[in-house]
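Single-structure report; data block below.
The values are calculated or read from the model by the stated rules, or taken from the named source; none is laboratory data. All of these numbers come straight from a predicted model, not from anything done at the bench. Don't worry about glycine lacking a Cβ; one is built from the backbone with ideal geometry, like all the others, and counts go over all protein chains shown.
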Amino acid sequence: MRTLSGGPGAEFAVPAQTRSDTCIADEAADSVSRRAERAVVIAVVAIRATFCAQLALAVPHGLTNSTSPRLFGLLSMLALAESSTLAAFAWRRRRITAAAAIADLAFACLVIAAEPLYSSPADRVGTWVAWGFGAGCAATLTVGTGLRRRRDAGAAAAVLAAVYLAVSAATPHPATAVVNSVALVGFIAAAHLVAAFLRELAAIADQARAAAARAAQEAERERQRRLLHDQATVLALLSHRHDDPVLEASLRIQAAAASRRVRSFLGDTRIAEADVVLSEDRPLLVDVVAAAVADFTDLPITVNTDLVPHSRVPSDAAELLLGAIRTLLHNVRRHAKATTVTLHGDLIDDDRWELSIIDDGAGFDPATTPVGYGLSTQAGRALTDAGFAVALDSAPGEGTRITITAPEGP
């Protein structure tokens, strides 16, 4: 990380951005559970593609050495068709169903049971003249992931191993047949356990996401309650006649600031920068940020200042900070080609805050790319002279993060 200010620049992970309820609902539609099922489907499709490639390569040798080339060829074509159909069905449904698992198990048992009809005993173990074991291995992933109940997966493993042993035990390699049958059972068990663990983790993640969404909604409601409570207090005081002109003037200033906060909360972009900078002594950081982003409606900006609702900016630096934020956003607009821009405030201690401007744009190498006037002077030197620390973190293709740290003291 490059520190523009020469002072300490702290890098931190960006927490979850504040989103509207609609955005949260849209994101939840693509749940972690669905993504987990998609990962299982991808694994099954990859295994089926591998099996099909192996079988296609084995066909010429099998046709030459099979005791029934016609049956060998017919079963090979059926296996390729079954694998293709299974993969397409799973991809379209985005999950492995129990029906698909049972059908695949039945087909694997069929081709294993048919091995004596097209292969000699010497070819039934360890060769692709009799490729039933290969079909069984491919089916283990489908069976293990498609059958959700452990007893169902166990029963399927027992059936597949029994059929394979019944066909392969009476061969010159019975010990190898036993080892292969154990492998079939183990593959199904492993696939079932891994899939169950993955689904459990996905369910936990979905529950955590739903809890976070509810917490965000509650935080937004609490923010609205605080906003309305404070403004109601000011309005109640203004509704009474006051003989003290100093108190009257102070209440009017507070009412103007309250009006600005409400308009900012409602997304009114017509709020003038001077309102934030000049209406209050030591304006709120949230107001400075709101004014800075008001004219950048063309950028995909997300503002998250919930952690710094009461943090203030030194009076003599508010206009400087506002200008620096606008300069950084101008740079994003002109150079970054970003799809998301986040302004995130974080509290260091009771008196100090950090503000990060983060984009996912093109980025650059600070070690080899000259920093322009906006970054070096307006967002760097000027803020440094006012006591701020400014840190730059960027890399080509990684976006850019500028972290502004408030000075110590009141």
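What about T339, is it modelled with pLDDT of 85 or more and touching a His at 6+ places or on another chain (Cβ under 9 Å)? Spelling it out, it is not the case that T339 is modelled with pLDDT of 85 or more and touching a His at 6+ places or on another chain (Cβ under 9 Å). Could you go through the range 134-143 and let me know if any residue there is of a type in the set (S, T, N, Q), within 25 Å of R34 (Cα to Cα) and touching a Lys or Arg at 6+ places or on another chain (Cβ under 9 Å). For the range 134-143, residues of a type in the set (S, T, N, Q), within 25 Å of R34 (Cα to Cα) and touching a Lys or Arg at 6+ places or on another chain (Cβ under 9 Å): present. Checked against the criterion of being at pLDDT below 95, assigned by TED's automatic domain parsing to the domain that holds G126 and under 31 Å from the mean Cα position of the chain (by Cα), the candidates A87, A36 yield just one match: A36.
Answer yes or no as to whether T305 is surrounded by 16 or more Cβ atoms within 10 Å (Cβ to Cβ) and out of contact with any helix residue (DSSP H, G or I) (no Cβ under 6 Å at 6 or more places or on another chain). No, not satisfied.
Restricting attention to the range 312-351 and to residues that are in a helix (DSSP H, G or I) and of a type in the set (G, A, S), the residue that is surrounded by the fewest Cβ atoms within 10 Å (Cβ to Cβ) turns out to be S315.
Of the helices (runs of 4 or more DSSP H) lying entirely inside the range 107-169, those containing at least 3 residues that are assigned by TED's automatic domain parsing to the domain that holds T50 and either under 43 Å from the mean Cα position of the chain (by Cα) or of a type in the set (A, V, I, L, M, F, W, C) (or both) span 132-146, 150-168.
Conditions (1) farther than 18 Å from G186 by Cβ; (2) at pLDDT 95 or above, marked per residue:
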| residue | (1), (2) |
| --- | --- |
| A106 | yes, yes |
| W128 | yes, no |
| A135 | no, yes |
| R151 | no, yes |
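Answer with yes or no whether A290 is aliphatic (A, V, I, L, M), part of a helix (DSSP H, G or I), surrounded by 13 or more Cβ atoms within 10 Å (Cβ to Cβ) and at pLDDT 80 or above. Considered against the rule, which asks whether it is aliphatic (A, V, I, L, M), part of a helix (DSSP H, G or I), surrounded by 13 or more Cβ atoms within 10 Å (Cβ to Cβ) and at pLDDT 80 or above, A290 comes out as yes. Are any of the residues in the range 68-75 at pLDDT 95 or above, within 21 Å of I42 (Cα to Cα) and assigned to a helix (DSSP H, G or I)? Checking the range 68-75: not a single residue is at pLDDT 95 or above, within 21 Å of I42 (Cα to Cα) and assigned to a helix (DSSP H, G or I).
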